[in-house]
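Enquirer: Okay, handing you the structure first.
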Amino acid sequence: MGGHPEGHPEGHPEGLPGPALPQAPPITCDEPGSFARSVFQDRHPVLIRRILDAVPYGPERRRDFAALLEESRSGTVAGLPRDAPDRAAWEEWGEGRFGRRWAELPFLWSESYFYRRLLDPAGYLAAGAWHGVDLFAPFKDAELDGPGFAADLAALDELPGLAPADREHALLAAAVWGNQADLGFTMVAEAAAPEASGTLVADESERLWSLLDGGTVVVVTDNSAREILADLALVDDLLASGRAREVDLLVKPRPYYVSDATTQDVLSCLRRMTAAPGEAARTGGRLLAALREGRLTLTAHPFACAPLGYRDMPYDLRERCAAARLTVMKGDLNYRRLVDDRLWPATVPFADVTAYFPGPVATLRTLKSDTVAGLAPETVARLDAGGTAWRTSGTHALIQVTVPG
Ligand SMILES: O=P(O)(O)OC[C@@]1(O)O[C@H](CO)[C@@H](O)[C@@H]1O
(Lines give C-alpha, C1' and ligand atoms only; values in the text may rest on other atoms or scores of the structure.)
Protein backbone atom coordinates (compact mmCIF):
# COMPACT_ATOMS: atom_id res chain seq x y z
CA MET A 1 0.00 0.00 0.00
CA GLY A 2 1.19 3.56 -0.47
CA GLY A 3 0.37 6.85 -2.13
CA HIS A 4 0.88 7.42 -5.80
CA PRO A 5 2.78 10.41 -7.11
CA GLU A 6 1.11 13.77 -6.70
CA GLY A 7 1.91 14.82 -10.26
CA HIS A 8 -0.75 15.04 -12.92
CA PRO A 9 -1.90 11.63 -14.08
CA GLU A 10 -1.29 11.32 -17.76
CA GLY A 11 -3.20 8.23 -18.72
CA HIS A 12 -3.82 5.81 -15.89
CA PRO A 13 -1.82 6.46 -12.67
CA GLU A 14 0.63 3.75 -11.69
CA GLY A 15 0.52 2.31 -15.18
CA LEU A 16 -2.51 0.13 -14.45
CA PRO A 17 -4.70 -0.71 -17.41
CA GLY A 18 -7.62 1.64 -17.91
CA PRO A 19 -8.84 4.55 -19.97
CA ALA A 20 -6.57 7.53 -20.58
CA LEU A 21 -7.69 10.36 -18.32
CA PRO A 22 -7.23 14.09 -18.81
CA GLN A 23 -4.73 15.87 -16.58
CA ALA A 24 -6.24 16.77 -13.22
CA PRO A 25 -4.23 18.27 -10.37
CA PRO A 26 -4.87 17.14 -6.80
CA ILE A 27 -6.79 19.67 -4.71
CA THR A 28 -4.56 21.46 -2.20
CA CYS A 29 -5.11 24.32 0.29
CA ASP A 30 -2.69 26.67 -1.45
CA GLU A 31 -5.27 28.36 -3.68
CA PRO A 32 -6.48 31.63 -2.06
CA GLY A 33 -10.26 31.74 -1.83
CA SER A 34 -10.61 27.99 -2.38
CA PHE A 35 -12.95 25.78 -0.39
CA ALA A 36 -10.05 23.60 0.76
CA ARG A 37 -8.22 26.61 2.15
CA SER A 38 -11.33 27.78 3.99
CA VAL A 39 -11.58 24.39 5.72
CA PHE A 40 -8.19 24.91 7.38
CA GLN A 41 -8.43 28.67 7.82
CA ASP A 42 -12.09 29.09 8.84
CA ARG A 43 -13.63 25.75 9.77
CA HIS A 44 -10.90 24.24 11.91
CA PRO A 45 -10.64 27.17 14.37
CA VAL A 46 -14.40 26.90 14.94
CA LEU A 47 -14.14 23.16 15.36
CA ILE A 48 -11.39 23.39 17.98
CA ARG A 49 -13.19 26.15 19.87
CA ARG A 50 -16.31 23.98 19.99
CA ILE A 51 -14.37 20.94 21.18
CA LEU A 52 -12.73 22.95 23.96
CA ASP A 53 -16.12 24.42 24.94
CA ALA A 54 -17.72 20.99 25.03
CA VAL A 55 -15.02 18.86 26.71
CA PRO A 56 -13.22 19.93 29.95
CA TYR A 57 -9.66 19.11 28.88
CA GLY A 58 -6.98 20.56 31.19
CA PRO A 59 -4.61 23.44 30.32
CA GLU A 60 -1.86 21.31 28.78
CA ARG A 61 -4.21 19.52 26.39
CA ARG A 62 -5.87 22.86 25.51
CA ARG A 63 -2.45 24.30 24.65
CA ASP A 64 -1.69 21.25 22.51
CA PHE A 65 -4.97 21.69 20.58
CA ALA A 66 -4.06 25.36 19.96
CA ALA A 67 -0.55 24.41 18.83
CA LEU A 68 -1.92 21.87 16.36
CA LEU A 69 -4.27 24.49 14.96
CA GLU A 70 -1.41 26.94 14.53
CA GLU A 71 0.83 24.31 12.93
CA SER A 72 -1.84 23.17 10.48
CA ARG A 73 -2.85 26.69 9.41
CA SER A 74 0.58 28.14 8.80
CA GLY A 75 3.33 25.63 9.54
CA THR A 76 4.97 22.46 8.37
CA VAL A 77 3.78 18.92 9.03
CA ALA A 78 5.15 17.29 12.19
CA GLY A 79 5.22 13.51 12.62
CA LEU A 80 3.31 11.43 15.15
CA PRO A 81 4.58 10.81 18.70
CA ARG A 82 7.29 8.11 18.83
CA ASP A 83 5.03 5.74 20.75
CA ALA A 84 1.88 6.30 18.67
CA PRO A 85 0.35 2.91 17.84
CA ASP A 86 -0.24 3.93 14.22
CA ARG A 87 3.11 5.64 13.64
CA ALA A 88 4.39 2.99 11.25
CA ALA A 89 1.23 3.15 9.13
CA TRP A 90 1.43 6.94 8.89
CA GLU A 91 5.12 6.88 8.04
CA GLU A 92 4.15 4.83 5.01
CA TRP A 93 1.01 6.83 4.15
CA GLY A 94 2.90 10.11 4.63
CA GLU A 95 6.20 9.26 3.03
CA GLY A 96 7.80 12.42 1.65
CA ARG A 97 5.16 14.67 3.23
CA PHE A 98 6.42 15.29 6.77
CA GLY A 99 8.33 18.56 7.12
CA ARG A 100 6.51 20.12 4.18
CA ARG A 101 3.97 22.95 4.37
CA TRP A 102 0.50 21.68 5.19
CA ALA A 103 -1.04 23.88 2.52
CA GLU A 104 0.98 22.47 -0.36
CA LEU A 105 -0.06 18.86 0.27
CA PRO A 106 -3.13 17.19 -1.23
CA PHE A 107 -6.21 18.34 0.69
CA LEU A 108 -7.33 14.73 1.12
CA TRP A 109 -4.05 13.86 2.83
CA SER A 110 -3.71 16.99 4.96
CA GLU A 111 -7.31 17.04 6.19
CA SER A 112 -7.22 13.34 7.07
CA TYR A 113 -3.93 13.80 8.92
CA PHE A 114 -5.40 16.78 10.78
CA TYR A 115 -8.21 14.55 12.09
CA ARG A 116 -5.63 11.94 13.11
CA ARG A 117 -3.53 14.53 14.91
CA LEU A 118 -6.56 15.78 16.87
CA LEU A 119 -6.56 12.46 18.71
CA ASP A 120 -3.23 13.29 20.43
CA PRO A 121 -4.22 16.39 22.45
CA ALA A 122 -7.49 14.56 23.15
CA GLY A 123 -5.50 11.68 24.66
CA TYR A 124 -7.63 9.24 22.71
CA LEU A 125 -4.93 6.73 21.78
CA ALA A 126 -2.44 7.04 24.65
CA ALA A 127 -2.87 5.18 27.94
CA GLY A 128 -4.49 7.37 30.59
CA ALA A 129 -7.74 8.93 31.77
CA TRP A 130 -8.80 10.20 28.33
CA HIS A 131 -8.04 6.98 26.49
CA GLY A 132 -10.94 6.06 24.22
CA VAL A 133 -13.01 9.15 25.04
CA ASP A 134 -14.58 10.34 21.78
CA LEU A 135 -13.82 14.07 21.49
CA PHE A 136 -16.76 14.49 19.13
CA ALA A 137 -19.28 12.66 21.35
CA PRO A 138 -20.95 15.89 22.61
CA PHE A 139 -21.85 16.84 19.04
CA LYS A 140 -22.99 13.36 18.09
CA ASP A 141 -25.08 13.08 21.28
CA ALA A 142 -26.71 16.46 20.63
CA GLU A 143 -27.80 15.26 17.21
CA LEU A 144 -29.17 11.99 18.63
CA ASP A 145 -31.14 14.03 21.18
CA GLY A 146 -32.31 16.61 18.67
CA PRO A 147 -35.71 17.07 17.03
CA GLY A 148 -34.39 16.06 13.59
CA PHE A 149 -33.41 12.58 14.77
CA ALA A 150 -36.74 12.15 16.60
CA ALA A 151 -38.61 13.19 13.44
CA ASP A 152 -36.58 10.72 11.36
CA LEU A 153 -37.42 7.91 13.81
CA ALA A 154 -41.11 8.79 13.61
CA ALA A 155 -40.98 9.00 9.80
CA LEU A 156 -40.12 5.30 9.65
CA ASP A 157 -43.79 4.65 10.53
CA GLU A 158 -44.72 5.72 6.98
CA LEU A 159 -42.70 2.95 5.35
CA PRO A 160 -44.90 -0.15 5.84
CA GLY A 161 -47.81 1.63 4.14
CA LEU A 162 -45.85 2.27 0.94
CA ALA A 163 -45.68 0.07 -2.15
CA PRO A 164 -42.23 -1.66 -2.36
CA ALA A 165 -40.98 0.59 -5.20
CA ASP A 166 -42.05 3.74 -3.36
CA ARG A 167 -40.49 2.48 -0.15
CA GLU A 168 -37.19 1.80 -1.91
CA HIS A 169 -37.28 5.21 -3.52
CA ALA A 170 -37.94 6.90 -0.16
CA LEU A 171 -35.18 4.95 1.60
CA LEU A 172 -32.62 5.67 -1.09
CA ALA A 173 -33.50 9.38 -1.04
CA ALA A 174 -33.17 9.41 2.75
CA ALA A 175 -29.73 7.77 2.53
CA VAL A 176 -28.60 10.34 -0.05
CA TRP A 177 -29.94 13.43 1.69
CA GLY A 178 -29.08 12.07 5.13
CA ASN A 179 -25.51 12.89 4.10
CA GLN A 180 -26.32 16.57 4.62
CA ALA A 181 -26.31 15.75 8.32
CA ASP A 182 -22.55 16.10 8.61
CA LEU A 183 -21.44 17.81 11.79
CA GLY A 184 -18.12 18.98 10.35
CA PHE A 185 -20.04 20.64 7.57
CA THR A 186 -22.44 22.37 9.96
CA MET A 187 -19.51 23.93 11.84
CA VAL A 188 -19.96 26.85 9.46
CA ALA A 189 -23.15 28.81 9.87
CA GLU A 190 -23.95 29.21 6.16
CA ALA A 191 -24.22 25.45 5.68
CA ALA A 192 -27.49 24.26 4.20
CA ALA A 193 -30.16 23.12 6.63
CA PRO A 194 -30.20 19.31 6.80
CA GLU A 195 -33.94 19.24 6.10
CA ALA A 196 -33.59 20.86 2.69
CA SER A 197 -33.34 18.20 0.04
CA GLY A 198 -32.31 19.78 -3.24
CA THR A 199 -31.34 18.73 -6.70
CA LEU A 200 -29.83 15.49 -7.95
CA VAL A 201 -27.15 16.43 -10.47
CA ALA A 202 -26.73 12.81 -11.56
CA ASP A 203 -29.18 10.00 -10.88
CA GLU A 204 -28.25 6.41 -11.72
CA SER A 205 -30.58 4.92 -9.16
CA GLU A 206 -32.18 2.53 -11.68
CA ARG A 207 -28.75 1.00 -12.37
CA LEU A 208 -28.11 0.75 -8.66
CA TRP A 209 -31.34 -1.16 -8.05
CA SER A 210 -30.68 -3.43 -11.02
CA LEU A 211 -27.45 -4.60 -9.36
CA LEU A 212 -29.15 -5.54 -6.10
CA ASP A 213 -30.23 -9.08 -6.80
CA GLY A 214 -29.49 -11.00 -3.63
CA GLY A 215 -25.72 -10.95 -3.20
CA THR A 216 -23.45 -9.42 -0.60
CA VAL A 217 -23.52 -5.63 -0.32
CA VAL A 218 -20.71 -3.62 1.28
CA VAL A 219 -21.85 -0.27 2.68
CA VAL A 220 -19.01 2.14 3.40
CA THR A 221 -20.68 4.39 5.94
CA ASP A 222 -20.15 8.08 6.61
CA ASN A 223 -21.83 10.05 9.41
CA SER A 224 -23.48 8.89 12.61
CA ALA A 225 -26.91 9.82 14.03
CA ARG A 226 -29.29 10.99 11.27
CA GLU A 227 -27.24 9.66 8.35
CA ILE A 228 -26.54 6.24 9.84
CA LEU A 229 -30.23 5.97 10.82
CA ALA A 230 -31.19 6.43 7.15
CA ASP A 231 -28.46 3.97 6.09
CA LEU A 232 -29.62 1.37 8.60
CA ALA A 233 -33.23 1.72 7.45
CA LEU A 234 -32.08 1.10 3.87
CA VAL A 235 -29.95 -1.88 4.94
CA ASP A 236 -32.92 -3.36 6.79
CA ASP A 237 -35.04 -3.10 3.65
CA LEU A 238 -32.32 -4.66 1.47
CA LEU A 239 -32.08 -7.62 3.83
CA ALA A 240 -35.83 -7.97 4.39
CA SER A 241 -36.64 -7.78 0.66
CA GLY A 242 -33.89 -10.23 -0.32
CA ARG A 243 -32.15 -7.61 -2.47
CA ALA A 244 -29.12 -8.33 -0.28
CA ARG A 245 -28.29 -11.68 1.28
CA GLU A 246 -25.67 -10.15 3.55
CA VAL A 247 -24.56 -6.61 4.29
CA ASP A 248 -21.11 -5.65 5.53
CA LEU A 249 -21.16 -2.21 7.14
CA LEU A 250 -17.75 -0.54 7.13
CA VAL A 251 -17.38 1.91 10.00
CA LYS A 252 -14.49 4.02 11.31
CA PRO A 253 -12.18 2.46 13.90
CA ARG A 254 -11.82 5.81 15.69
CA PRO A 255 -13.37 9.30 15.84
CA TYR A 256 -12.91 10.99 12.47
CA TYR A 257 -14.18 14.03 10.53
CA VAL A 258 -16.31 14.99 13.54
CA SER A 259 -19.38 12.85 13.01
CA ASP A 260 -18.14 9.77 11.15
CA ALA A 261 -19.76 6.62 12.50
CA THR A 262 -17.83 4.19 14.68
CA THR A 263 -19.14 0.85 15.97
CA GLN A 264 -20.19 2.69 19.12
CA ASP A 265 -22.23 5.18 17.05
CA VAL A 266 -24.00 2.38 15.19
CA LEU A 267 -24.88 0.75 18.51
CA SER A 268 -26.11 4.08 19.92
CA CYS A 269 -28.36 4.53 16.91
CA LEU A 270 -29.73 0.99 17.22
CA ARG A 271 -30.41 1.58 20.90
CA ARG A 272 -32.40 4.73 20.09
CA MET A 273 -34.32 2.83 17.44
CA THR A 274 -35.29 -0.03 19.70
CA ALA A 275 -36.28 2.38 22.49
CA ALA A 276 -38.61 4.29 20.15
CA PRO A 277 -42.20 3.29 19.42
CA GLY A 278 -43.54 1.74 16.23
CA GLU A 279 -41.59 0.93 13.08
CA ALA A 280 -38.32 2.35 14.43
CA ALA A 281 -38.28 -0.33 17.14
CA ARG A 282 -39.25 -3.08 14.70
CA THR A 283 -36.51 -1.99 12.25
CA GLY A 284 -33.95 -1.83 15.05
CA GLY A 285 -35.02 -5.27 16.28
CA ARG A 286 -34.61 -6.80 12.81
CA LEU A 287 -31.15 -5.22 12.46
CA LEU A 288 -30.06 -6.55 15.87
CA ALA A 289 -31.24 -10.02 14.83
CA ALA A 290 -29.31 -9.69 11.55
CA LEU A 291 -26.17 -8.78 13.49
CA ARG A 292 -26.63 -11.78 15.78
CA GLU A 293 -27.20 -14.11 12.82
CA GLY A 294 -24.24 -12.73 10.85
CA ARG A 295 -26.33 -11.44 7.93
CA LEU A 296 -25.20 -7.96 8.97
CA THR A 297 -21.56 -7.48 9.95
CA LEU A 298 -19.56 -4.49 11.17
CA THR A 299 -16.00 -3.93 9.97
CA ALA A 300 -13.71 -1.21 11.35
CA HIS A 301 -10.72 -1.39 9.01
CA PRO A 302 -7.68 0.89 9.61
CA PHE A 303 -7.84 1.94 5.95
CA ALA A 304 -11.18 3.64 6.72
CA CYS A 305 -9.12 6.42 8.33
CA ALA A 306 -6.28 6.41 5.81
CA PRO A 307 -5.49 9.64 3.91
CA LEU A 308 -5.51 7.86 0.56
CA GLY A 309 -7.88 7.19 -2.27
CA TYR A 310 -9.53 3.82 -2.83
CA ARG A 311 -7.10 3.19 -5.66
CA ASP A 312 -4.63 2.39 -2.85
CA MET A 313 -6.89 -0.04 -1.01
CA PRO A 314 -5.06 -2.86 0.73
CA TYR A 315 -5.46 -6.36 -0.61
CA ASP A 316 -8.03 -7.57 1.91
CA LEU A 317 -10.44 -4.69 1.24
CA ARG A 318 -9.92 -4.97 -2.49
CA GLU A 319 -10.85 -8.65 -2.32
CA ARG A 320 -13.92 -7.88 -0.25
CA CYS A 321 -15.18 -5.28 -2.74
CA ALA A 322 -14.33 -7.56 -5.67
CA ALA A 323 -16.46 -10.34 -4.17
CA ALA A 324 -19.44 -8.08 -3.35
CA ARG A 325 -22.39 -7.64 -5.66
CA LEU A 326 -22.17 -3.92 -4.94
CA THR A 327 -20.14 -1.57 -2.78
CA VAL A 328 -22.10 1.53 -1.72
CA MET A 329 -19.95 4.53 -0.79
CA LYS A 330 -21.67 7.08 1.40
CA GLY A 331 -20.87 10.77 1.56
CA ASP A 332 -18.47 13.41 0.42
CA LEU A 333 -15.20 12.12 1.85
CA ASN A 334 -15.73 8.65 0.39
CA TYR A 335 -16.46 10.30 -2.96
CA ARG A 336 -13.24 12.29 -2.71
CA ARG A 337 -11.38 9.05 -2.00
CA LEU A 338 -13.13 7.28 -4.86
CA VAL A 339 -12.17 9.91 -7.47
CA ASP A 340 -8.81 10.76 -5.86
CA ASP A 341 -9.87 14.32 -4.87
CA ARG A 342 -8.63 15.92 -8.04
CA LEU A 343 -9.90 18.90 -9.99
CA TRP A 344 -11.38 16.79 -12.78
CA PRO A 345 -13.33 18.46 -15.53
CA ALA A 346 -16.84 17.84 -14.13
CA THR A 347 -17.79 16.11 -17.37
CA VAL A 348 -15.02 13.48 -17.30
CA PRO A 349 -16.80 10.08 -17.35
CA PHE A 350 -17.28 8.77 -13.81
CA ALA A 351 -16.72 5.25 -15.15
CA ASP A 352 -13.26 6.25 -16.41
CA VAL A 353 -12.16 7.86 -13.14
CA THR A 354 -13.35 4.84 -11.14
CA ALA A 355 -12.46 2.09 -13.61
CA TYR A 356 -9.77 0.85 -11.20
CA PHE A 357 -12.39 -0.19 -8.61
CA PRO A 358 -12.37 -3.98 -8.14
CA GLY A 359 -16.16 -4.47 -8.38
CA PRO A 360 -19.44 -2.65 -8.96
CA VAL A 361 -19.55 0.54 -6.92
CA ALA A 362 -22.26 3.13 -6.26
CA THR A 363 -21.90 6.47 -4.57
CA LEU A 364 -24.57 8.37 -2.63
CA ARG A 365 -23.26 11.84 -1.91
CA THR A 366 -24.32 15.40 -1.25
CA LEU A 367 -21.74 17.72 -2.80
CA LYS A 368 -19.64 19.36 -0.08
CA SER A 369 -16.27 19.80 -1.75
CA ASP A 370 -14.89 20.76 -5.14
CA THR A 371 -14.21 17.45 -6.82
CA VAL A 372 -16.85 15.97 -9.08
CA ALA A 373 -16.97 13.80 -12.19
CA GLY A 374 -19.53 12.30 -14.51
CA LEU A 375 -21.90 15.22 -15.00
CA ALA A 376 -23.64 16.00 -18.28
CA PRO A 377 -22.26 19.11 -20.05
CA GLU A 378 -25.69 20.80 -19.99
CA THR A 379 -25.99 20.15 -16.25
CA VAL A 380 -22.61 21.75 -15.56
CA ALA A 381 -23.44 24.73 -17.79
CA ARG A 382 -26.76 25.26 -15.99
CA LEU A 383 -25.23 24.93 -12.51
CA ASP A 384 -22.32 27.25 -13.31
CA ALA A 385 -24.69 29.82 -14.78
CA GLY A 386 -26.77 29.71 -11.57
CA GLY A 387 -23.99 31.48 -9.68
CA THR A 388 -24.35 29.36 -6.52
CA ALA A 389 -21.69 27.31 -4.72
CA TRP A 390 -23.31 24.11 -6.01
CA ARG A 391 -20.17 22.03 -5.57
CA THR A 392 -19.68 22.78 -1.87
CA SER A 393 -22.96 23.94 -0.31
CA GLY A 394 -24.57 20.51 0.25
CA THR A 395 -27.68 21.57 -1.66
CA HIS A 396 -26.98 19.21 -4.56
CA ALA A 397 -26.50 15.47 -4.55
CA LEU A 398 -25.72 12.59 -6.86
CA ILE A 399 -26.16 8.86 -7.29
CA GLN A 400 -23.50 7.41 -9.57
CA VAL A 401 -22.64 3.81 -10.43
CA THR A 402 -19.67 2.10 -12.08
CA VAL A 403 -19.57 -1.54 -13.11
CA PRO A 404 -15.95 -2.15 -14.11
CA GLY A 405 -15.60 -4.05 -17.39
O1 LIG B 1 -17.88 12.84 4.15
P2 LIG B 1 -18.90 13.86 4.53
O3 LIG B 1 -19.28 13.74 5.96
O4 LIG B 1 -20.07 13.88 3.63
O5 LIG B 1 -18.24 15.28 4.35
C6 LIG B 1 -16.97 15.58 4.85
C7 LIG B 1 -16.72 17.04 4.74
O8 LIG B 1 -17.48 17.77 5.65
O9 LIG B 1 -15.38 17.21 5.03
C10 LIG B 1 -14.74 17.96 4.04
C11 LIG B 1 -14.47 19.32 4.50
O12 LIG B 1 -14.19 19.34 5.84
C13 LIG B 1 -15.61 18.00 2.84
O14 LIG B 1 -15.17 17.05 1.95
C15 LIG B 1 -16.96 17.59 3.33
O16 LIG B 1 -17.76 18.71 3.35
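The values are calculated or read from the model by the stated rules, or taken from the named source; none is laboratory data. Since the model is a prediction, treat every value here as computed from it, not as a measurement. Because the Cβ atoms are built from the backbone with ideal geometry, glycine has one as well, and the counts that use them run over all protein chains shown. Areas reflect the complete protein model, heavy atoms only, side chains present, ligands, DNA and RNA absent. Shrake-Rupley method; radii C 1.70, N 1.55, O 1.52, S 1.80 Å.
Enquirer: In the set 376, 304, 300, which member is under 16 Å from the mean Cα position of the chain (by Cα), surrounded by fewer than 19 Cβ atoms within 10 Å (Cβ to Cβ) and small (Gly, Ala, Ser)? Don't jump to the end; show me each part of the working.
Expert: Details: 376 fails: under 16 Å from the mean Cα position of the chain (by Cα); 304 fails: surrounded by fewer than 19 Cβ atoms within 10 Å (Cβ to Cβ).
Step by step, each of 376, 304, 300 is checked, and only 300 is under 16 Å from the mean Cα position of the chain (by Cα), surrounded by fewer than 19 Cβ atoms within 10 Å (Cβ to Cβ) and small (Gly, Ala, Ser).
Enquirer: Restricting attention to the stretch 303-315, does a residue exist that is touching an Asp or Glu at 6+ places or on another chain (Cβ under 8 Å) and either polar (S, T, N, Q) or more than 30 Å from residue 85 (Cα to Cα) (or both)?
Expert: No, every residue in the stretch 303-315 fails to be touching an Asp or Glu at 6+ places or on another chain (Cβ under 8 Å) and either polar (S, T, N, Q) or more than 30 Å from residue 85 (Cα to Cα) (or both).
Enquirer: For the stretch 238-258, enumerate the residues that are open to solvent by less than 20 Å² (accessible area, probe 1.4 Å) and in contact (Cβ under 8 Å) with a residue 60 or more places away in the chain.
Expert: Result: 244, 248, 255, 256, 258.
Enquirer: If you don't mind, there's one more thing I want to ask. Tally the residues that are open to solvent by 80 Å² or more (accessible area, probe 1.4 Å) and either of a type in the set (Asp, Glu) or in a loop (DSSP other than H, G, I, E, B) (or both), restricting the search to the stretch 69-91. Steps first, please.
Expert: Taking the stretch 69-91 and keeping what is open to solvent by 80 Å² or more (accessible area, probe 1.4 Å), we get 70, 73-74, 82-83, 85, 91.
Among the residues that remain, those that are also either of a type in the set (Asp, Glu) or in a loop (DSSP other than H, G, I, E, B) (or both) are: 70, 82-83, 85, 91.
The number of residues fulfilling the criteria is 5.
Enquirer: Separate question: Out of the residues in the stretch 367-405 meeting the condition of being hydroxyl-bearing (Ser, Thr, Tyr) and touching a Ser or Thr at 6+ places or on another chain (Cβ under 8 Å), tell me which one is farthest from residue 173 (Cα to Cα).
Expert: Here is the first cut: in the stretch 367-405, the residues hydroxyl-bearing (Ser, Thr, Tyr) are 369, 371, 379, 388, 392-393, 395, 402.
Pick out the ones that are also touching a Ser or Thr at 6+ places or on another chain (Cβ under 8 Å) and you get 369, 388, 392, 395, 402.
On the way: 369: 20, 388: 23, 392: 19, 395: 14, 402: 19 Å.
Ranking the qualifying residues of the stretch 367-405, first place goes to 388.
Enquirer: When the residues of the stretch 391-405 are narrowed to those that are over 18 Å from the mean Cα position of the chain (by Cα) and modelled with pLDDT under 95, which ends up farthest from the ligand (Cβ to nearest atom)?
Expert: Result: 405.
Enquirer: Further, regarding this structure: Would you say residue 307 is in contact with a helix residue (DSSP H, G or I) (Cβ under 6 Å, 6 or more places away or on another chain), part of a loop (DSSP other than H, G, I, E, B) and within 16 Å of the ligand (Cβ to nearest atom)? Spell out the reasoning first.
Expert: Working: in contact with a helix residue (DSSP H, G or I) (Cβ under 6 Å, 6 or more places away or on another chain): yes; part of a loop (DSSP other than H, G, I, E, B): yes; within 16 Å of the ligand (Cβ to nearest atom): yes.
Yes, satisfied.
Enquirer: Among the residues that make up the stretch 186-199, is at least one of them in contact with a His (Cβ under 9 Å, 6 or more places away or on another chain), under 20 Å from residue 372 (Cβ atoms), outside any loop (DSSP other than H, G, I, E, B) and at pLDDT 95 or above? Please lay out each step first, then the result.
Expert: Pass one, the stretch 186-199, residues in contact with a His (Cβ under 9 Å, 6 or more places away or on another chain): 187, 198-199.
Narrowing further to those that are under 20 Å from residue 372 (Cβ atoms): 198-199.
Cutting the leftovers down to outside any loop (DSSP other than H, G, I, E, B) gives us 199.
Next, from what is left, pick out any that are at pLDDT 95 or above: none.
Within the stretch 186-199 (the criterion being in contact with a His (Cβ under 9 Å, 6 or more places away or on another chain), under 20 Å from residue 372 (Cβ atoms), outside any loop (DSSP other than H, G, I, E, B) and at pLDDT 95 or above), the answer is no, since none of the residues qualifies.
Enquirer: Just give me the residues in the stretch 254-296 being outside any helix (DSSP H, G or I), of a type in the set (A, V, I, L, M, F, W, C) and either under 26 Å from residue 368 (Cβ atoms) or within 16 Å of the ligand (Cβ to nearest atom) (or both), in sequence order. Please lay out each step first, then the result.
Expert: Step one: list which residues in the stretch 254-296 are outside any helix (DSSP H, G or I), which gives 254-262, 276-278, 294-296.
In the following step, the residues that additionally are of a type in the set (A, V, I, L, M, F, W, C) were identified as 258, 261, 276, 296.
Passing the criteria: 258, 261.
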